[in-house]
Amino acid sequence: MGWASKFKRDVCRPAQEKGWRAESAFKLLQLDEEFHLLQGITRAVDLCAAPGSWSQVLIQKMGSQGSGHVVAVDRQDMAPLPGVLQIKGDITQLSTAKAVVQHFEGSPADLVVCDGDPDLTGLQDIDEHMRTQLLLAALNIATHILKPGGCFVAKIIRGRDVTLTYSQLRVFFSTVVCAKPRSSPSSSSEAFAVCQGYDPPAGFLPDLTKPLLNHSYDADFNQLDGPTRIIVPFVTCGHLSANDSEHCYPLNAEGDSKCKDVLPMQPPILLPPRGPTH
Ligand SMILES: C[S@@+](CC[C@H](N)C(=O)[O-])C[C@H]1O[C@@H](n2cnc3c(N)ncnc32)[C@H](O)[C@@H]1O
């Protein structure tokens, strides 16, 4: 996609108009439309939360249902959000995981979400490993704080070993669905694992120091068939009238009174250093 068309797409999408800090908000809203994840929840964790649009959605939905409690975690700074407790840290680090778990001791969470994007190298195997490590860390935290029947939603990449991920998630949740919100570009292999009905196997004792997903698995794992292979339903969500991430919206035409410029909801906390221009 050329710069101009991407530019058109990005500047005209309506997140700012609606008060969301990022377009990602629509992904969670569309997942909720399909799976009713946010109905009746009062305690939630937003892992990899910056700049905070998912936390905004969570707190807004809880606001209309009474007093909510959202813990947002990111290794980057995030501007404060009323009603959201922030923890700055890397979710793959024990100290961060412990800090999150501590907040839910005695009163577990209804929902854990993770929209994390690790720093990518461009080397497919390493990137897949990093993504899975992030998912592992999020799942590990979720197993410590979710109430029975609770939900876990995590970004996944529909890559080579995604079936393994589904199988492992199915160990802990009664349903696992691969969902693609309309606001997630169809050209991207990004999707979301929507895991409902937290129900760990009998005898399972969560342990923050022990990874749940282990990368030393056999390369043939995905070749299993029959009941050992978990086929997870694929669902697209978001109303047809919703904003289409692949569509180019017209630029703000001069003299068009219906169009108005809006400032970002939350300007970046740290601007990237200026590099040489080419
Ligand atoms: C796509 S953004 C999340 C957007 C967010 N859901 C929203 O709606 O505003 C991905 C985030 O993952 C965070 N992240 C990536 N790896 C992380 C890690 N190991 N620990 C904590 N945060 C991480 C990044 O800092 C980044 O802010």
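Please treat every number below as a calculation from the coordinates, not as lab data. In this text, all values refer to a predicted model and were calculated from it rather than measured experimentally. Here the Cβ positions follow ideal geometry from the backbone for every residue, glycine too, while neighbour counts run over all protein chains shown.
Taken along the Cα-to-beta-carbon direction at a fixed 7 Å, the label points for Glu33 and Ser188 span 1.8 nm. Simple spin-label estimate for Gln60 and Ala242 gives 1.3 nm between the two label positions (7 Å along the Cα-to-Cβ direction from each Cα).
Taking each residue as 0.36 nm, the span from Asp199 to Leu94 lengthens on full extension beyond its C-alpha to C-alpha distance by 35.4 nm.
What percentage of all Cα-Cα pairs in the range 33-128 are separated by more than 23 Å?
Details: 1246 of 4560 pairs.
Here the long-distance tail beyond 23 Å is 27 percent of all Cα pairs in the range 33-128.
If packing is taken as the average number of other Cβ atoms within 10 Å across a peptide's residues, how do 134-147, 95-108 rank, most packed first?
134-147, 95-108
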